[in-house]
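The values are calculated or read from the model by the stated rules, or taken from the named source; none is laboratory data. Every value quoted in this text rests on a predicted model; they were computed, and no experiment measured them. Every residue, glycine among them, receives a Cβ derived from its backbone with ideal geometry; neighbour counts consider all protein chains shown. These area figures cover heavy atoms from the full protein model, side chains too; ligands, DNA and RNA do not enter into them. Shrake-Rupley method; radii C 1.70, N 1.55, O 1.52, S 1.80 Å.
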Amino acid sequence: NAGVTQTPKFRILKIGQSMTLQCTQDMNHNYMYWYRQDPGMGLKLIYYSVGAGITDKGEVPNGYNVSRSTTEDFPLRLELAAPSQTSVYFCASGPSGEQYFGPGTRLTVT
Amino acid sequence: GQSLEQPSEVTAVEGAIVQINCTYQTSGFYGLSWYQQHDGGAPTFLSYNALDGLEETGRFSSFLSRSDSYGYLLLQELQMKDSASYFCAYRGKLIFGQGTELSVKP
């Protein structure tokens, strides 16, 4: 089992550009999550999904969109990137009390 | 509102026992989880408490008191590799504390 995989590992975006962060899990989990983590801080929930076709907003959803067409994949879309979106993004899957995290995507917006 | 409070830093020596506290404020409660994160890495799940009491997993234990809105993570026989950040997380609203940086000294 690969667990949770994320691509890319690193990315530099210019202000106003868009991109999609990919997340895939092979544990057949219904629940998947996207978090962002700023330096020295905890994780903040962006969006989550309880199953294919069902998504909901977390604490900090503005500037992001998600979709969940399959159990395995949960991509995160950034539209019109802004410097405030510079962060490390983690995808996770599993029951809400026991989540398994991917290795993260380090995103810089300049 | 809903929040979790943890100390920002804790220092201990190798072989010792350390306790990392977490107090929470929430309108409903579904359980408290603990995660470890080494610098630059992904958080990894350590323990989960849905009910009051102690959960033990090897050198790590987690305790919950719902009446006190309080939990803690206990690390025994500390090793240098335990130097990391530790987060408590509230299950219901998927909120994480800001993390406690543990430094283990020789």
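Quick rundown of the values:
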| quantity | calculated |
| --- | --- |
| Count - residues of segment A:1-42 that are out of contact with any strand residue (DSSP E or B) (no Cβ under 7 Å at 6 or more places or on another chain) and under 24 Å from B:Asp39 (Cβ atoms) | 4 |
| One residue from B:Tyr72, B:Tyr35, B:Tyr86, B:Tyr30 being closer than 20 Å to B:Gln2 by Cα, modelled with pLDDT of 95 or more and facing chain A (nearest Cβ under 9 Å) | B:Tyr35 |
| Those residues of segment A:23-40 which are more than 10 Å from chain B (Cβ to nearest Cβ), under 22 Å from A:Val60 (Cα atoms) and surrounded by fewer than 16 Cβ atoms within 10 Å (Cβ to Cβ), in sequence order | A:Asn30, A:Asp38, A:Pro39 |
| Hits in segment B:53-72 - residues which are of a type outside the set (D, E, K, R) and either within 17 Å of B:Phe96 (Cα to Cα) or open to solvent by 30 Å² or more (accessible area, probe 1.4 Å) (or both) | B:Leu54, B:Thr57, B:Gly58, B:Phe60, B:Ser62, B:Phe63, B:Leu64, B:Ser67, B:Ser69, B:Tyr70, B:Gly71, B:Tyr72 |
| Long-range neighbours under 7 Å by Cβ, at least six apart or interchain, first residue closer than 17 Å to B:Thr100 by Cα and among the small types (Gly, Ala, Ser) within segment B:1-30, second assigned to a strand (DSSP E or B) and open to solvent by 90 Å² or more (accessible area, probe 1.4 Å) | B:Ser3/B:Gln25; B:Ser8/B:Glu101 |
| Strands (runs of 3 or more DSSP E) lying entirely in chain A (those with 1 or more residues that are touching a residue at least 60 places away in the same chain (Cβ under 8 Å)) | A:4-7, A:10-13, A:19-25, A:32-37, A:76-78, A:87-93, A:105-109 |
| Any hit, segment A:90-100, residues being among the small types (Gly, Ala, Ser), open to solvent by less than 70 Å² (accessible area, probe 1.4 Å) and more than 14 Å from chain B (Cβ to nearest Cβ) | no |
| Residues satisfying the stated conditions in segment B:17-27, i.e. away from chain A (no Cβ under 14 Å) and either surrounded by 15 or more Cβ atoms within 10 Å (Cβ to Cβ) or modelled with pLDDT of 95 or more (or both) | B:Ile17, B:Val18, B:Gln19, B:Asn21, B:Thr23 |
